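Peer 1: One structure, pasted below without further comment.
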Amino acid sequence: MDLEAAHGAAAAPGKQRRRRARESWGASLLLAYQSLGVVYGDVATSPLYVYKSAFAGDDIQHSAGNEEIYGVLSFVFWTLTLISLVKYVLIVLRADDGGEGGTFALYSLICRHVRAGLLPGGGGGAGDELAVGGRRDARAMSRLRAMLERYRVLQRLLLLFALLGTCMVIGDGVLTPAVSVYSAVSGLELSMEHEHHKYVQLPVTCAILIGLFALQHYGTHRVGFIFAPIVCVWLLCISAIGVYNIVHWNHHVYRALSPYYMYQFLKKTQTGGWMSLGGILLCVTGSEAMYADLGHFSQSSIKIAFMSVVYPALVLAYMGQAAYISQHHSFENAYHIGFYVSVPEKLRWPVLVIAILAAVVGSQAVITGTFSIIKQCSSLSCFPGVKIVHTSSTVHGQIYIPEINWILMILCLAVTLGFRNTKHLANAQGLAVITVMLVTTCLMSLVIVLCWNKSIFLALGFLIFFGTIEVLYFSASLVKFHEGAWVPITLSFIFMIVMCVWHYGTIKKYEFDFQNKVSVNWLLNLGPSLGIVRVRGIGLIHTELVSGIPAIFSHFVTNLPAFHQVLVFLCVKSVPVPHVQPEERFLVGRIGPKEYRLYRVIVRYGYRDVQKDDIEFEKDLVSSIAEFIRSGDSHHNGVLEDTDKSCEKLSSISNGIPLWMEDGEVDASASPHKETDTQIISPNRKKARFVLPKNAQVDSEVRRELQELMDAREAGMSFILGHSYMKAKSGSSFIKRIVINFFYEFLRRNSRGPSYAATIPHASTLEVGMVYQV
């Protein structure tokens, strides 16, 4: 019995490992299934318009020798294999920034390993250690890294490059719904008699687009459960039709997968074949979504879905279309070379319905991705403040931005009504797609050297190999500037100006605050009363500075010599990481001696974090200060501000001191280990009263300071916000006056304030106006 028991005990760990492995695989398979409806809707609908775009116009003609269709198929197969499979699935997906992906995630990943950030306060001040990261190895400092850290112009070029990719993603958010839905509805031309489709196609497309954008405020989670089945049915449908066409029309079409046919294609068509590459590259549209949506899924789930389902289905679909077209040369023009002609006539109406649904799913994914990347830019001071609505209580990435949604809808309808054909829409989308891929390739080569510490020759090999392919497609798309490619360039130029102006104005505002901050010695020389009347309550002064006293405080007390008994300088800081752990969110320090009751709190949020409402925020803030007071004397961390060097020693607060709420419905945090994020506080704010537990193990001096904090919190909390007006200095250049006095001020007046300020009760808010001469 003992031997059996010992054997069973020895086998138990192995069984647990196998069970965990099965659970892990089960979770990955479930995520892979869900990713089909979120990630792959765009790339899955590309067979609707790839061949039609490649043969549009007079670039190439379909001849009886089939060299053109075989060459296009060969290009499609190898482009899909090298770009989507090798580059994105096998390489780029590994470059995640804390689990997040996308163009801006690559930029923030580089900034975490190199001090190349241009964001306000990103120069290594307090609170920046999350952004810079703690894994920098000085011995491995490469020449490239040293150049990026030394030369400001290289840092600006890096940021502009990341913003270019971001602007093209926004442009793709305008063009993808138009191309996908219009191409799906184009099946009406073969399903309706005569030319009735001309009077139906455009209105139906516009109606679907309006409905798509009008339903965005409900969030994808309400209809997300049907997305994956729709894409699954669509992929099954196009792969089955592809197999049927291969078997029935031309089972030798597999020979076109040889790269030899690409050479034959370019040799015969020459310039026309090169120009047709602008339509062929649409076979990889949506590949960037695999990386951009990495935060919602895992690397393994995305790889499983693409390699086992999406990739084989797309290859069969393209081969099937080529097989059908290779045996049909009697078309009056190349306009009929498309997806629906290869669909058996009896199946066209069901396939049309499925295609429209799949196009809506693909468009939804791109629109949601556009919302997400704009939120990232806004969090990092690269886009004006917008209203962000979180449509899901469980998935933080599902958001809705009303202003951007309606702008996208208007632009999408404008390009649809303006072009009214797939050719120009596809040309516009192609340039946006390939530009984003070029930006990703360049940034990825930097990641290989700076973040992965690989050989620079490996990075150059990656850049040259994939860059050459993408530059070839980019040139083919750029020559079609007058045929629709001007749209993404124009849109990107407009969004780039908005982002650059906003970023420039934000930097100048921060520099003004930093240069005009008040010396701490000035504050301390006023004495414990600060030379003013101290009234009951807590006063929160918002500032962008992580050290020193903001100018708005001296401006305020000069005109109104009264303030609260507890004064907190609050800095809400966005750092270029996806998420900040709750135990690392609050940094608390003290300014001056204890009797001054002056504190500094830095609250850090990642660009993917959801900021709490005012009640939860106030509770966590007070608890963090209380924990700092309790632990400050015993641990000697962050007690005083160095008045000579004007820098503070701040301590990171993980668990607030247990504070009870009397006369309310909820115990705020009865245990220091209890998770407080899930607590629901009574909506009646006046009923909540923080009380220090009688059994708290603190000395008399700390208890007195804590009791003052609790009394001040009970008396009320006021928020003092600076309301700044930017104005260029006299003698500034004409361009600077135009940028600051008109463009930036126009954006500031028409943008939203900080998200945390939106939830502050108006009765507790006081705005202090100042004119910033920058």
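Peer 1: Can you pull out the trypsin sites (Lys or Arg not before Pro) in the range 285-392 that DSSP calls coil and that have at most 16 other Cβ atoms within 10 Å?
Peer 2: Answer in residue order: 387.
Peer 1: Ignoring everything but the protein chains, give the 1.4 Å probe accessible area of residue 390 in square angstrom, nearest 10.
Peer 2: Estimated to the nearest 10 Å², residue 390 gives 70 Å².
Peer 1: May I pose another question? What translational diffusion coefficient, to the nearest whole µm²/s, does the range 412-483 have by Stokes-Einstein, given a Kirkwood radius computed over alpha-carbon pairs, a temperature of 37 °C and 0.692 mPa s viscosity?
Peer 2: For these conditions, the coefficient is 238 µm²/s.
Peer 1: With a probe of 1.4 Å, find how much accessible area the range 277-426 has per residue, and write the answer as a whole number in Å².
Peer 2: Here the per-residue accessible area is 33 Å².
Peer 1: Another one. For residue 451, what accessible surface area do you get with a 1.4 Å probe? Give it in Å², rounded to 10.
Peer 2: Here the accessible area works out near 20 Å².
Peer 1: So, one more: Given H placed on each backbone N at 1.01 Å, which residues far from residue 724 in sequence or on other chains put an amide H within less than 5 Å of it?
Peer 2: Placed amide hydrogens put 770 under 5 Å from residue 724.
Peer 1: Please list 38, 185, 518 from largest to smallest accessible area, probe radius 1.4 Å, with all protein chains kept in place.
Peer 2: Details: 38 55, 185 0, 518 25 Å².
Correct descending sequence by accessible area is 38, 518, 185.
Peer 1: Considering only protein heavy atoms and a 1.4 Å probe, what is the carbon-and-sulfur percentage of the accessible area of the range 391-504?
Peer 2: The value for the range 391-504 is 77 percent carbon and sulfur by accessible area.
Peer 1: So which GluC sites (Glu not before Pro) in the range 283-390 pass both tests, a DSSP loop state and at most 13 other Cβ atoms within 10 Å of the Cβ?
Peer 2: Those satisfying the criteria are 332.
Peer 1: Heavy atoms only, probe 1.4 angstrom, no DNA, RNA or ligands counted: give me 234, 502 ranked by accessible area, highest first.
Peer 2: Sorted descending by solvent-accessible area, the residues read 502, 234.
Peer 1: So how much accessible area does residue 749 have, in Å² to the nearest 10, using a 1.4 Å probe?
Peer 2: 150 Å²
Peer 1: Of 387/508; 508/594; 52/387; 267/423; 52/268, which sit over 28 Å apart, Cα to Cα?
Peer 2: Listed pairs above 28 Å: 508/594; 52/387.
Peer 1: Could you give the length gained on full extension between residue 471 and residue 749, defined as 0.36 nm per residue of separation minus the Cα-Cα distance, in nm? Kindly include the intermediate steps, with their values, before the conclusion.
Peer 2: Numbers: separation 278, 0.36 × 278 = 100.08 nm, distance 4.05 nm.
Additional length available on full extension: 96.0 nm.
Peer 1: Starting from 0.36 nm per residue, how many nanometres of slack lie between residue 349 and residue 734 once their C-alpha separation is accounted for?
Peer 2: Details: separation 385, 0.36 × 385 = 138.60 nm, distance 6.09 nm.
Gain on extension, residue 349 to residue 734, equals 132.5 nm.
Peer 1: Estimate the FRET efficiency between residue 455 and residue 771 by the formula 1/(1 + (r/R0)^6), using the beta-carbon distance for r and 45 Å for R0, to the nearest 0.05.
Peer 2: 0.25
Peer 1: Okay, next question. As a test, work out the antiparallel percent of DSSP beta bridges whose residues both lie in the range 466-606, rounded to the nearest 5.
Peer 2: 25 percent
Peer 1: Here's a follow-up. So which of 509/736; 517/727; 375/727 end up more than 22 Å apart, counting from Cα to Cα? Don't skip to the end; give the middle numbers.
Peer 2: Details: 509/736 14 Å; 517/727 18 Å; 375/727 27 Å.
375/727, as the Cα separations exceed 22 Å there.
Peer 1: Taking the simple approach of a point 7 Å from Cα along Cα-to-Cβ for both residue 714 and residue 78, what is their distance in nm?
Peer 2: Calculated label separation equals 7.9 nm.
Peer 1: Which whole-number percentage describes the relative contact order of the range 448-595, with Cα contacts under 8 Å and a sequence gap of 6 or more?
Peer 2: 18 percent
Peer 1: Another question about this same structure. Kirkwood hydrodynamic radius for the range 375-529: how many Å is it when counted over pairs of different Cα atoms?
Peer 2: Answer for the range 375-529: a Kirkwood hydrodynamic radius of 19.9 Å.
The values are calculated or read from the model by the stated rules, or taken from the named source; none is laboratory data. Predicted, not measured: the structure shown is a model, and the values here were computed from it. Quick reminder, even Gly has a Cβ in these numbers, built from the backbone with ideal geometry, and neighbours come from all protein chains shown. The accessibility values were calculated without ligands, DNA or RNA, using every heavy atom of the protein model including side chains. Shrake-Rupley method; radii C 1.70, N 1.55, O 1.52, S 1.80 Å.
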